[in-house]
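Working notes, beginning with the structure itself.
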Amino acid sequence: MTCPECGQDIYGKGSHYSCESCGSKWKVTFTCEVCKNLPSVAASCGAVSFFCETCNTLKSRESMDKEFVKEN
């Protein structure tokens with residue numbers, strides 16, 4: 001994922017990410033790209049996937065819509 005402020009790569013875990021380039025911190029919310037609902041988290045063996053109960057499909061982070069909220 002890229003930083004909404006400077007366009008550089010951001011790194012993190014779960015829903016909290018930070019940009020090493022500009023120092024900004026972000027909370028990222030993932031929603032289903034089809035129905036726009038919040039998916040449930042399906043974590044297994046260290047890998048995190050999402051499951052949309054409305055669409056009845058397993059989703060990856062890359063396929064879902066992302067909303068970035070800047071943290072203080």
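The values are calculated or read from the model by the stated rules, or taken from the named source; none is laboratory data. Since this is a predicted model, take the numbers as computed values, not measurements. Every residue, glycine among them, receives a Cβ derived from its backbone with ideal geometry; neighbour counts consider all protein chains shown.
Quick one: Val41 ticks every box in (1) assigned to a loop (DSSP other than H, G, I, E, B); (2) surrounded by fewer than 14 Cβ atoms within 10 Å (Cβ to Cβ); (3) β-branched (Val, Ile, Thr) bar one, so which box is it?
(1)
So Lys27 passes all but one of these: (1) under 11 Å from the mean Cα position of the chain (by Cα); (2) over 27 Å from Asn72 (Cα atoms); (3) at pLDDT 90 or above. Which condition number does it fail?
The failed condition is (2).
Which of the residues that make up the stretch 1-55 are acidic (Asp, Glu) and closer than 14 Å to Glu71 by Cβ?
Glu5
What are the residues in the stretch 1-35 that are within 21 Å of Phe51 (Cβ to Cβ) and either among the acidic types (Asp, Glu) or in a loop (DSSP other than H, G, I, E, B) (or both), if any?
Across the stretch 1-35, the qualifying residues are Met1, Gly14, Ser15, Cys32, Glu33, Val34, Cys35.
Can we say Thr57 is surrounded by 14 or more Cβ atoms within 10 Å (Cβ to Cβ), of a type in the set (Ser, Thr, Tyr) and touching a strand residue (DSSP E or B) at 6+ places or on another chain (Cβ under 6 Å)?
no
Scan the stretch 48-72 for residues that are farther than 20 Å from Ser18 by Cα, hydrophobic (A, V, I, L, M, F, W, C) and part of a strand (DSSP E or B) and report the count.
4
Within the stretch 1-31, count every residue that is surrounded by 14 or more Cβ atoms within 10 Å (Cβ to Cβ), closer than 23 Å to Leu58 by Cα and touching an Asp or Glu at 6+ places or on another chain (Cβ under 6 Å).
The total comes to 2.
List, please: which pairs have Cβ atoms under 6 Å, are six or more places apart or on different chains, and start with a residue in the stretch 45-58 that is farther than 11 Å from Cys32 by Cβ and end with one that is surrounded by fewer than 12 Cβ atoms within 10 Å (Cβ to Cβ) and modelled with pLDDT of 90 or more?
That search, which allows pairs on different chains as well, returns nothing.
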